[in-house]
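Right, one structure below, let's go through it.
The values are calculated or read from the model by the stated rules, or taken from the named source; none is laboratory data. Just so you know, these numbers come straight off a predicted model, no measurement behind them. Here the Cβ is made from the backbone with ideal geometry for all residues, glycine too, and neighbour counts use every protein chain on show. In case anyone asks, the SASA skips ligands and DNA or RNA and just uses the protein heavy atoms, side chains included. Shrake-Rupley method; radii C 1.70, N 1.55, O 1.52, S 1.80 Å.
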Amino acid sequence: MGTKHEPVVADAVQVEAAGTPPKQIREFVGRVATGHESVSVAVMRSPAGWAEPPQTPEFDEHTAVLAGTLLVHHDGGTTEVRAGQSVTVPAGVRVRYETPDGAEYVAVCLPAFGMDLVHREGT
């Protein structure tokens, strides 16, 4: 990383995704790509029919849907988030994400996404 007074350029890093069928995750900022623990920024491309196990993360997740539809299943029901919309899921909320018709979206996690912070069920 650069000093406080210079920009830092980093390449996106392909990160392994949970759920089936496999989706593509490209982390631009975060624990894997840049070593940042305070924030992560990743672009996701999920195929039709993708779903992941429920999780109860220790981070806030802000998601902006660029294309398609993201279903956010939570204890209060299901929230449908379409292209041009965003959703925020606060830390501590049990959630499961799904893309029945496929989707592309950006996820920003505060603090940064980490396998030790996501608490996925069944893993």
Practice prompt. Would you work out what percent of the accessible area of the chain, with all protein chains in place, is carbon or sulfur (probe 1.4 Å)?
Written response: 54 percent
Discussion item. Tell me the net charge near VAL15. Cut-off is 9 Å between Cβ atoms, VAL15 excluded, with +1 for each Lys or Arg and -1 for each Asp or Glu.
Written reply: -1
Item to complete: Taking 7 Å along the Cα-to-C-beta vector as the label spot, tell me the GLU58-ASP101 distance in nanometres, rounded to one decimal.
Response: 3.8 nm
Item to complete: Find the accessible area per residue for the chain; the probe is 1.4 Å, ligands and nucleic acids are left out, and the unit is Å².
Response: 55 Å²
Fill in: Cα-centre dipole for the chain with unit charges at Cβ (Lys and Arg positive, Asp and Glu negative), debye to 20
140 debye
Worksheet item: DSSP loop GluC sites (Glu not before Pro) in the stretch 60-123 with at most 16 other Cβ atoms within 10 Å of their Cβ, which ones?
Response: GLU121
Worksheet item: Which three semi-axes in whole Å describe the equivalent ellipsoid of the chain, each the square root of 5 times a Cα gyration tensor eigenvalue, listed largest first?
Response: 24, 16, 14
Fill in: Net +/- balance of residues flanking THR34 in space, Cβ distance below 11 Å, scoring K and R +1, D and E -1
-2
Fill in: Local electrostatic count, LEU110, Cβ distance below 12 Å [Lys/Arg +1, Asp/Glu -1]
-4
